[in-house]
Amino acid sequence: MSRRARLAMFAVVAAALGAALVLALLGLPRFGSAFHPYGDRAVAVAVGPQQTANVVGSVTFDQRGVDTLGEEFILFGSVIGALVLLRPAPEEREVGVRGAGRVMSSTGLAGYLLLPISLLVGGYIVAHGAVSPGGGFQGGVILASGWHLLYVAGRYAALRRLVPNKPLELAEAVGGAAFAAIGVAGIGVAGVFLVNLLPKGSLGSLLSAGTVPVLNGAVGVEVTSGVVLLLASFLDQAVVLRSIEEADE
Amino acid sequence: MESLPLLCVAVPLLVAAGLAAVGRWLPRPVVDVVSLLSCLGVLGLGVTLLVATGSRRVVSWVAGYTPHGGASVGVVFVVDRVGAGLAVLVAALMTGALLYTWRYFSEVESKFHVLMLLFLAGMAGFALTGDLFDAFVFFELMGAVAYALTGYKIEEAQPLQGALNFAVVNSLGAYCTLLGIGLLYGRTGELGFAQIHQALAGHGPPDALVVVGAALVLTGFLVKAAAVPFHFWLADAHAVAPSPVCVLFSGVMVELGLYGVARTWSAALSAALPAERLRPALLVGGVVTALVASVMCLAQTHLKRLLAFSTMAHMGLFLVALGALEPASVGGLLVYVLGHAGVKGALFLCAGLLLNHHGSLDAEELYGRGREMPVTRVCFLVGALALAGLPPSGTWLGKTLSEDGLSHAGYGWAPALFVATSALTGAAVLRVGLQIFLGVGERPGSAEDTRGRHEDSETGALLSRLPATMVGPAVTLLGVGVALGMVPGLGRVAEQAAQTLLDGGGYAAATLHGAVGVHAPASDVTGFTASGVVLGLVSVALALAVAAAQLYSRRLPAPVRAVGVALRPPLRILRATHSGHLGDYVVWLLLGVTLLAGAIAVS
Amino acid sequence: MTALLVVALLLVALAGTLVVLAPGPSRQAVTLSVFGLALTVLFVVLQAPDVALSQLGVGTVVVPLMIMLTVQKTRRGR
Amino acid sequence: MTLLPYLVAGWLFLAGCYGLVTSRNLVHAVGCLTIAQSSTYVLLLAVGYRSGATAPVFGDLPVGAPVVDPVVQALTLTDIVVSATVTALLLALTLQIHKRHGTVDPDELRALRN
């Protein structure tokens, strides 16, 4: 199709689809309605038998934990997939990073200052996933971002040499495996996959909610290492890898 | 028994994570053996489930949140014969694919195996789950891994673009599904298939929300099933993905899209959307898909692209057989899917063997060069005949059962469509088979279409001798695909499985109220009817005739050639719509959603 | 429905439109970051702090960063 | 007025699709796809909203206080992860396409033209 034909066809189709969508949206309950049967049940279970103050955490890691198992392995598979796709092609080679040592000192200082803060915040958010907003995923992303502050602050290539992919890949796999293994352990102990086996404690305390904080920890490890790997492989592409002709210039 | 469905998902996930952790330090044979063993483990679990589901549905509530008074906060896995059968099919094809890759595909440590095992887990989870959102999650898992596997050969230009088109179109389809889930959640407040069914029941004719919500949810699955006009990604992705991955794409992944349509409709939507609402859209979509793909298939010379369009043509037939929403035709469809998976899997592996031996997938470039590959030659040609519907192969049995079921349901035109489609796609496969393996027909001159020439083999260097681990899976898959047609009573079992699949009320009762028993009504399906055998032979004869006409086009009588010349301009337009352009594909997808919603609304 | 909610919604719609209309990918990475921030605000107003935290990390940092790195690599010639 | 959140969701979806259809750069197209996906976040969270309710976290909140639907929030969390990972894969593919084809303009990519 030519650009104009494509656009014209889109205009017609989008108008029809938009109208259909509006008709459908009119059939939804009024915005802000009190009709949430599943949500009400989930809240009752979370604050009742499961003693999980953060109900979203309870739904994510306990009541609908298998969704999250799938989600973690989507992340895991995508990171592996991205590593496969971004592997150096036969005609590419790594070049030294020119100028990587010449980061502005103020940026470097800010990076070093922000690093402990982001590590602290990230760790806190992972640990408190069962009692306050956040959890393994959110904390993991913050930890991974903190890690990248180090790249900004220091020398990229030196840091990459210091912490290569191998341990990160290992950590990512172990985090993912831990989640699946806790699920299988449920079958071994109680005959039920992903059952919340551990003592539930009392609502709002750090060690409440049974396996929810443990799973949060596993996800935290996986997400941190996974996101670091992902960003690092893109950084490698942008900074380190060149085709042979480019490298020879 | 109740924990088996979850193990089908958890075992490959655990092994995949384990391989990713320590795979780099393991010798390659260990990686191969461990992945194969976990496939065989899932196969064993699936077979156990298949046996158990003869008399009941296996219902397992994850984390033990069993329902009280028909309501639960948990996610449920509900397995019936069809779900268990799909899990078995997935594991069996994956075993064949991994055997084929024995010792090869080692560019990035064990990551190919890790991706394949995640793919296995995603497909098994999709087939076994009883929750709409959970199905979306597994759908995305198999999608994400499939995109990476499609683009695995980063040294070449085409795989990358094929993977990108595949990924964008499938993702957009999945987001449509999620929008639909949001709409249905707003209406029902539930996510489980059975819970949605229960909440939708008894509200009279469907309103705009249910119609559009259903259309959006089904869109994601129909994209996977490659129904026109959602189909454009299929040929792009199949043509470029590694051969063992194509076996899974063609043999079961696209079929899982249809399964998603069938399951979501029967287990959840059928309470508000009677079969009459959905039937026209599926039937018309199926007919158009079969015809478009048959024509496109005839026009190809690139082996994998040709096989991809053949898969799509069969998807059109499957869509028609499903569209009747009757147990007899759906039972036939189930047999057809199994037979097709074996035969098409074998054909894709044969294409891979040619690529690894000769470094090309272009039928004209390969002309006569398959002569010294005796096993591959027999395998490919028998596969082509089975695809055309030669009795008593499994593809033939599925075809004839579907035809019978459709005729009895009042669709007298269906057998003609089935015969024509199997003949045309069979002809295309036969034509290239005869060219490559026997050097039949006019030696092709300089063709304008040079796609497919000089492709890198999948094994690094070209193989002068093909190992048994590569040839064996192709022969076995073909053997199973052909032998299925001779299994006594298969049609009856399939019809009963279809009955259970289409019984939405029974599904809800089993899931929410513990009524797991399945009663299997008597069925008089036999399969071997005189008319079925005749129709099978007719389509094979037609296939041979069309293949001969293509091979000796210059010797055809003038009037026949005139018809061929007259058909060229419309064919050119049809080919031009398969432009490889992302923007085009997105517009077609949106058109498809709109038409689907419209068809459900006015039916 | 509070005024704050209306503002957050309109901001999201506007930012989303700007992302689509952004002339090139590098400009888009910036608007995408703003869009991520607008979504974060909306999620907070909709009483979804868990989601807001996720969106803050993913939508304003990780995704725009990946896009920016890709832009940098694809801007060069072959 | 109470339809506004739902309409914003619909708008984002169509706007994202418009971007995909007209985009002349694959990186840009990937960005537009994330806009189309964000419509699902807005729709899900809007469907789960309850007027006058607070976030479903019972830190200082008395048990029994009205809260918004936690289930849609869990779904949206999953959705965000899916979005980020699919985006990463698409960008990785785009990078390699640039290396092999020398362009990321869909109008100039002809390898799969039939």
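Data overview
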{"item": "Subset of segment B:495-525 (residues that are under 25 Å from the mean Cα position of the chain (by Cα) and among the polar types (S, T, N, Q))", "result": "B:Gln496, B:Gln499, B:Thr500"}
{"item": "Residue match in segment B:347-369 (condition: aromatic (Phe, Trp, Tyr) and farther than 19 Å from B:Leu234 by Cβ)", "result": "yes"}
{"item": "Residue among B:Val538, B:Val533, B:Val565 that is more than 14 Å from chain D (Cβ to nearest Cβ), among the aliphatic types (A, V, I, L, M) and either surrounded by fewer than 12 Cβ atoms within 10 Å (Cβ to Cβ) or not in a helix (DSSP H, G or I) (or both)", "result": "B:Val565"}
{"item": "Verdict on B:Phe126 being touching a strand residue (DSSP E or B) at 6+ places or on another chain (Cβ under 7 Å) and over 29 Å from D:Pro106 (Cα atoms)", "result": "no"}
{"item": "Those residues of segment C:25-37 which are touching a residue at least 12 places away in the same chain (Cβ under 8 Å) and surrounded by fewer than 23 Cβ atoms within 10 Å (Cβ to Cβ), in sequence order", "result": "C:Ser26, C:Val30, C:Thr31, C:Ser33, C:Val34, C:Leu37"}
{"item": "Filter result for D:Val71 (in contact with a Phe, Trp or Tyr (Cβ under 6 Å, 6 or more places away or on another chain), within 18 Å of C:Ala48 (Cα to Cα) and at pLDDT 90 or above)", "result": "yes"}
{"item": "Residues of segment B:219-238 satisfying the condition of being crowded, with 24+ Cβ neighbours inside 10 Å, not aliphatic (A, V, I, L, M) and not in a helix (DSSP H, G or I)", "result": "B:Phe230, B:His231"}
{"item": "Test: residue in segment B:15-25 that is outside any helix (DSSP H, G or I) and within 12 Å of another protein chain (Cβ to nearest Cβ)", "result": "no"}
{"item": "Only listed residue being touching a residue at least 24 places away in the same chain (Cβ under 8 Å) and open to solvent by 10 Å² or more (accessible area, probe 1.4 Å), chosen from B:Ala208, B:Ala163, B:Ala215, B:Ala157", "result": "B:Ala208"}
{"item": "So B:Arg431, is it open to solvent by less than 40 Å² (accessible area, probe 1.4 Å) and either part of a helix (DSSP H, G or I) or at pLDDT 90 or above (or both)", "result": "yes"}
{"item": "Residue within segment D:63-79 that is facing chain B (nearest Cβ under 10 Å), of a type in the set (D, E, K, R) and surrounded by fewer than 21 Cβ atoms within 10 Å (Cβ to Cβ) present", "result": "no"}
{"item": "Within segment B:219-239, considering residues that are within 14 Å of chain A (Cβ to nearest Cβ) and aromatic (Phe, Trp, Tyr), the one farthest from B:Ile181 (Cα to Cα)", "result": "B:Phe232"}
{"item": "Hits in segment D:24-62 - residues which are more than 24 Å from the chain's Cα centre (by Cα) and open to solvent by 10 Å² or more (accessible area, probe 1.4 Å)", "result": "D:Ser51, D:Gly52, D:Thr54, D:Val57, D:Gly59, D:Asp60, D:Leu61, D:Pro62"}
{"item": "Some residue of segment A:10-33 being part of a helix (DSSP H, G or I) and within 30 Å of A:Val214 (Cα to Cα)", "result": "no"}
{"item": "Matching residues, segment B:543-562, being open to solvent by less than 80 Å² (accessible area, probe 1.4 Å), closer than 20 Å to B:Leu430 by Cβ and not β-branched (Val, Ile, Thr)", "result": "B:Ala543, B:Ala545, B:Ala547, B:Ala548, B:Ala549, B:Gln550, B:Leu551, B:Tyr552, B:Ser553, B:Leu556"}
{"item": "Subset of segment B:171-218 (residues that are assigned to a loop (DSSP other than H, G, I, E, B), facing chain A (nearest Cβ under 8 Å) and at negative phi)", "result": "B:Glu190, B:Leu191, B:Asp207"}
{"item": "Segment B:59-71 residues that are more than 8 Å from every other protein chain (Cβ to nearest Cβ), paired with ones that are in a strand (DSSP E or B) and open to solvent by less than 30 Å² (accessible area, probe 1.4 Å) (beta carbon under 8 Å, 6 or more apart)", "result": "B:Val59/B:Val76; B:Val59/B:Phe77; B:Val59/B:Val78; B:Val59/B:Val79; B:Pro67/B:Trp61"}
{"item": "Subset of segment D:17-63 (residues that are free of Cβ contacts under 8 Å to residues at least 24 places away in the same chain and closer than 28 Å to B:Gly583 by Cβ)", "result": "D:Cys17, D:Tyr18, D:Gly19, D:Leu20, D:Val21, D:Thr22, D:His28, D:Gly31, D:Cys32, D:Ile35"}
{"item": "Failed item in (1) open to solvent by 30 Å² or more (accessible area, probe 1.4 Å); (2) assigned to a loop (DSSP other than H, G, I, E, B); (3) not β-branched (Val, Ile, Thr), with A:Ala185 passing the rest", "result": "(2)"}
{"item": "Contacts under 6 angstrom Cβ, first residue in segment B:473-487 being assigned to a helix (DSSP H, G or I), partner open to solvent by 20 Å² or more (accessible area, probe 1.4 Å) and of a type in the set (A, V, I, L, M, F, W, C), 6 or more apart", "result": "B:Pro473/B:Leu99; B:Leu484/B:Leu338"}
{"item": "When residues of segment B:88-129 are limited to those that are touching a Gly at 6+ places or on another chain (Cβ under 6 Å) and part of a loop (DSSP other than H, G, I, E, B), the one modelled with the highest pLDDT", "result": "B:Ser110"}
{"item": "Criterion (without any contact (Cβ under 8 Å) to a residue 12 or more places away in the chain, open to solvent by less than 10 Å² (accessible area, probe 1.4 Å) and more than 7 Å from chain B (Cβ to nearest Cβ)) met by exactly one of A:Gly39, A:Gly18, A:Gly57", "result": "A:Gly39"}
{"item": "Candidates C:Gln55, C:Gln47, C:Gln72, filtered to the one that is open to solvent by 70 Å² or more (accessible area, probe 1.4 Å), within 11 Å of chain A (Cβ to nearest Cβ) and not small (Gly, Ala, Ser)", "result": "C:Gln72"}
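The values are calculated or read from the model by the stated rules, or taken from the named source; none is laboratory data. What you are looking at is a predicted structure, and each value in this text was computed from that prediction instead of being measured. Cβ sites come from the backbone with ideal geometry, for glycine too, and all protein chains shown count toward neighbours. Areas reflect the complete protein model, heavy atoms only, side chains present, ligands, DNA and RNA absent. Shrake-Rupley method; radii C 1.70, N 1.55, O 1.52, S 1.80 Å.
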